[in-house]
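I have placed the structure first, in the form of structure tokens, so that the comments after it can refer back to it.
The values are calculated or read from the model by the stated rules, or taken from the named source; none is laboratory data. It should be emphasised that the depicted structure is a prediction, and the values quoted were computed from it without experimental measurement. Here Cβ is always computed from backbone atoms with ideal geometry, including for glycine, and neighbour counts include all displayed protein chains.
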């Protein structure tokens with residue numbers, strides 16, 4: 001077993017980290033909303049080729065959001 005020292009963050013440092021992560025989450029959610037809007041616009045316009053790449057990009061955003069939330073939970 002490897003020994004890992006516990007990190008004791010000061011309250012100001014923890015608050016700064018939480019605010020930064022929440023800003024990144026907000027940007028990713030806004031990106032997903034824009035992606036959904038653009039994909040639906042293209043799909044309803046008859047362009048079926050953008051659906052699967054948009055799904056992959058949205059899944060990547062979801063994975064990033066879940067990873068950031070998990071980081072916040074461990075913080």
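Residue-wise test of (1) surrounded by 13 or more Cβ atoms within 10 Å (Cβ to Cβ); (2) part of a helix (DSSP H, G or I).
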{"position": "9", "(1), (2)": "no, no"}
{"position": "32", "(1), (2)": "yes, yes"}
{"position": "57", "(1), (2)": "yes, yes"}
{"position": "63", "(1), (2)": "no, yes"}
{"position": "70", "(1), (2)": "no, yes"}
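Looking at (1) at pLDDT 90 or above; (2) out of contact with any helix residue (DSSP H, G or I) (no Cβ under 7 Å at 6 or more places or on another chain); (3) in a helix (DSSP H, G or I), which one does residue 46 not meet, given that it meets all the others?
Answer for residue 46: the failing condition is (3).
Residues that are in contact (Cβ under 8 Å) with a residue 12 or more places away in the chain and in contact with a helix residue (DSSP H, G or I) (Cβ under 7 Å, 6 or more places away or on another chain): does segment 1-12 have at least one? First the steps, then the outcome.
So in segment 1-12, the residues in contact (Cβ under 8 Å) with a residue 12 or more places away in the chain come out as 9.
Remaining after also requiring in contact with a helix residue (DSSP H, G or I) (Cβ under 7 Å, 6 or more places away or on another chain): none.
Checking segment 1-12: not a single residue is in contact (Cβ under 8 Å) with a residue 12 or more places away in the chain and in contact with a helix residue (DSSP H, G or I) (Cβ under 7 Å, 6 or more places away or on another chain).
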